[in-house]
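The values are calculated or read from the model by the stated rules, or taken from the named source; none is laboratory data. Since this is a predicted model, take the numbers as computed values, not measurements. Note that we place each Cβ from the backbone using ideal geometry, even for glycine, and neighbour counts take in every protein chain shown.
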Amino acid sequence: MPIETIPYRKTGYFSKLICDYLDRESALDEFYHRFPSESEFQAQISERENFSKEKREVLVGRLKEQYKDLSVSDATRTNIDSLSELTTFTITTGHQLNLFTGPLYFLYKIFSVINLSEQMNEMYNDKHFVPLFWMASEDHDFDEINYFRLHGKKLQWNRDAGGAVGELLTDGLEKVLELFKQEVGNHEFAENIAELFKKAYLHHETLTEATRYLGNELFKEYGLVIVDGNDSELKRAFVPYAEMELREHKSFKAVSETGTKLKSLGYKEQVSPREINLFYITDGLRERIIEQDGRFHVNNSQIDFSKEEILEELKSHPERFSPNALLRPLYQEVILPNLCYVGGGGELAYWLQLKAYFDSVEVPFPMLLLRNSVLLINDKQLQKLKKLNASIEELFLPTLELENLHAERLSEIDIDFTKQRTFLKEQFASLYEVAKKTDASFLGAVAAQEKKQLNGLDKLEKRLLKAQRRKLNDQLKRLTDLQEDLFPGGHLQEREMNFSEFYLEMGPKLLETIKSELDPLVNKLSVIRL
């Protein structure tokens, strides 16, 4: 079990929308179908039991083709084969093709779907549940994925890039490997982790192939299935929905209306849809499709179609049409027998704008589960925290608030002027009574003086706190240094650090520890002791 769990709302790192969703606020009921819980899964299963045998056979066939050059575990092979059965369903997450997995939460996403699938398999003997990872191979934002951080340093792949990132050749990554080797030094598992990087990126031709290999090596014993949606055969099932997008702009209408409703409830709109949410994709090109004056143009290119021509192109070459971040969820649900999507807060905010659109195209909407969120802490850090007489939960506070709280705790004098404020207000209460009996115009002068005196106390309290912070600077710095170690740059650890930093010390035991400590249905941040 984690040494501590903290409600997401208390961490200060999760939006009001996501916290309200987790608390099942009734105002959000219309924006999702079912909340992921043991009692709701049976209804979701019943809804997805009509996923066709034909689609299943296509999916299995394409997965076997995508896996043909990998060493596949028995668990993964069994899971792929099982997808042809009408009683098998997926629990899905997805992520960009970040270099060497990118931030730590890559692991937490995948262990969330692995652990939930295992729980479901224990609950339902007559069904089978497969953890599935969707590679965002069609994404084109290279600057978001071309680096990872190790020991506070940014290891970056520098090259020109265009088009879908999954099709990028892995040229130039040998330079990153050399920097990586220098950084990992002589740690216990340095050779193992460097060899994993080498085999993934220097022995595979494209970023998609490298990422598939890496994910398979890390998670194959748990039966994880990895799918690349940038596949012409898989995209054939999406053709009717892409055609609706080109003809009717359905997503724009439905998602815009949902966004307006969310804003009226006080939430931020996560995504602003375009009239057409499709890209056109060829070698080195992935650009938006824009309709103007009855013709369809591919942005930043000379490619241009009439309506009849683009619909014919779609039927002949479905692989050339790529859903954007808004339509990718629909594409996923069309080709997978999926029950639940597991994602981060930003992803779920996207999904919460899509329910009405799914309804309009008659595709079942999946359950939405917030992935596990984790703070990893070692014994040395825990000992420091104990010596400083601070709690883990306090480390989630903004730095200035943490310093003030700790200064008040350590100070030998009372910095809190609450008693003085209470006394002052009592004195002025009697002055108000006097003013009422003499001259009502005197009331304003009394109120002004009261405000002045209270403001003076506030300023004195702040000056005293500032003086105590200076006096206690060494102790406060030890605490804020620890906070910076665990929250690099003031961000959640999982968003900044790469798994390799912890793997260097623990090796494969890192993954075993994380998996064993996490429960995907516990909607709290987990603090795991390493």
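In the set (1) buried (at least 22 other Cβ atoms within 10 Å of the Cβ); (2) touching a strand residue (DSSP E or B) at 6+ places or on another chain (Cβ under 6 Å), the condition left unmet by ALA210 is number (2).
Count of the range 1-52 residues, restricted to those that are part of a helix (DSSP H, G or I) and out of contact with any Pro (no Cβ under 9 Å at 6 or more places or on another chain), is 23.
Restricting the range 278-309 to residues that are outside any loop (DSSP other than H, G, I, E, B) and β-branched (Val, Ile, Thr) leaves a set whose member that is surrounded by the most Cβ atoms within 10 Å (Cβ to Cβ) is ILE289.
So that you can scan it fast, the table gives a plain yes or no per residue for (1) of a type outside the set (Ser, Thr, Tyr); (2) farther than 18 Å from CYS340 by Cα:
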{"site": "LYS16", "(1), (2)": "yes, yes"}
{"site": "PHE41", "(1), (2)": "yes, no"}
{"site": "VAL60", "(1), (2)": "yes, yes"}
{"site": "LYS68", "(1), (2)": "yes, yes"}
{"site": "THR87", "(1), (2)": "no, no"}
{"site": "ASN98", "(1), (2)": "yes, yes"}
{"site": "THR101", "(1), (2)": "no, yes"}
{"site": "LEU104", "(1), (2)": "yes, yes"}
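Here LEU376 meets the list (1) under 19 Å from the mean Cα position of the chain (by Cα); (2) surrounded by 19 or more Cβ atoms within 10 Å (Cβ to Cβ); (3) not in a strand (DSSP E or B) almost entirely, failing just condition (3). Here the condition is being modelled with pLDDT of 95 or more, out of contact with any strand residue (DSSP E or B) (no Cβ under 7 Å at 6 or more places or on another chain) and not aliphatic (A, V, I, L, M); of PRO318, PRO323, PRO337, it holds for PRO318 alone. ASP23 fulfils the conditions (1) out of contact with any Asp or Glu (no Cβ under 7 Å at 6 or more places or on another chain); (2) buried (at least 16 other Cβ atoms within 10 Å of the Cβ); (3) under 29 Å from LYS524 (Cα atoms) except for a single criterion, (2).
Each row is one residue, and each column tells you yes or no for (1) in the same structural domain as GLN493 (by TED's automatic domain parsing); (2) free of Cβ contacts under 8 Å to residues at least 24 places away in the same chain.
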{"residue": "LEU354", "(1), (2)": "no, no"}
{"residue": "VAL363", "(1), (2)": "no, no"}
{"residue": "LEU369", "(1), (2)": "no, no"}
{"residue": "ASP379", "(1), (2)": "no, no"}
{"residue": "GLN383", "(1), (2)": "no, yes"}
{"residue": "GLU394", "(1), (2)": "yes, yes"}
{"residue": "GLU401", "(1), (2)": "yes, yes"}
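Tell me whether the range 265-277 contains one or more residues that are in a helix (DSSP H, G or I), of a type in the set (A, V, I, L, M), touching a residue at least 24 places away in the same chain (Cβ under 8 Å) and within 17 Å of PHE358 (Cα to Cα). No, the range 265-277 contains no residue that is in a helix (DSSP H, G or I), of a type in the set (A, V, I, L, M), touching a residue at least 24 places away in the same chain (Cβ under 8 Å) and within 17 Å of PHE358 (Cα to Cα).
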